Amino acid sequence: MCKAKPARGKGYTAGVSCVTSVLMNDIEAQGNLDTGAFCTCVDKDYLQAILPGWNNNLLPIEGVQFTSASNNMYHLSILDTNLVFPHPAGSIKMNTEIVAMDNCTSQHIVIGNYYLNIYGIDINNHKDRYFTIGENKRQICFFQYSKTNITGIV
């Protein structure tokens, strides 16, 4: 089923994001599944709000330059951590390296195309928007899923 096209000059109002709840070190956070981002990154201030002491477990980063919408983004380091997609039928745990940015303005973790690709995450923009994880496509997650009623981690 298709949505109605917005009035002329209002096309920018029809967009929706792909934000869902994820767990980072058992703390609920917001993750944006972003097929346009090649890496996974997060703003240092958002990271500090959800994971105090995050800068105690870092990997160095060098020789790379990041941009977003033609603006330079300034990387600080890499956080080696796990992200969990909660689901009542069995959650999915992803081992991730997240680039901590000094000037990223997003108030969520930007989950880039690299992890979407290697974990087989597909975004479906049907009437009921959802995403699937893995080859069997049985793990259906709706956007803005909550931490409640979570079972084991796959």
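The values are calculated or read from the model by the stated rules, or taken from the named source; none is laboratory data. This is a predicted model, so every value here is computed, not measured. Cβ: placed from backbone, ideal geometry, glycine included. Neighbour counts: every protein chain shown.
Looking at the structure I just gave you, is ILE92 in contact (Cβ under 8 Å) with a residue 60 or more places away in the chain, part of a strand (DSSP E or B) and over 13 Å from the mean Cα position of the chain (by Cα)? Here the answer is yes, as ILE92 does meet what is asked. Remark: pairs (first residue in segment 30-45, part of a helix (DSSP H, G or I); second residue at pLDDT 90 or above and small (Gly, Ala, Ser); Cβ separation under 8 Å; 6+ apart in sequence or on different chains) = LYS44/ALA100.
Picking from residues in segment 21-42 that are β-branched (Val, Ile, Thr) and farther than 14 Å from ASP80 by Cβ, the one that is nearest to the chain's Cα centre (by Cα) is VAL22.
Cβ-Cβ distances below 6 Å connect the following pairs, each with a first residue in segment 1-23 that is within 27 Å of ILE111 (Cβ to Cβ) and modelled with pLDDT of 80 or more, a second residue that is outside any loop (DSSP other than H, G, I, E, B) and β-branched (Val, Ile, Thr), and a separation of six or more residues or different chains: CYS18/ILE123; LEU23/VAL84. Scanning segment 97-128 for residues that are β-branched (Val, Ile, Thr) and either farther than 24 Å from VAL16 by Cβ or assigned to a loop (DSSP other than H, G, I, E, B) (or both) yields a total of 3.
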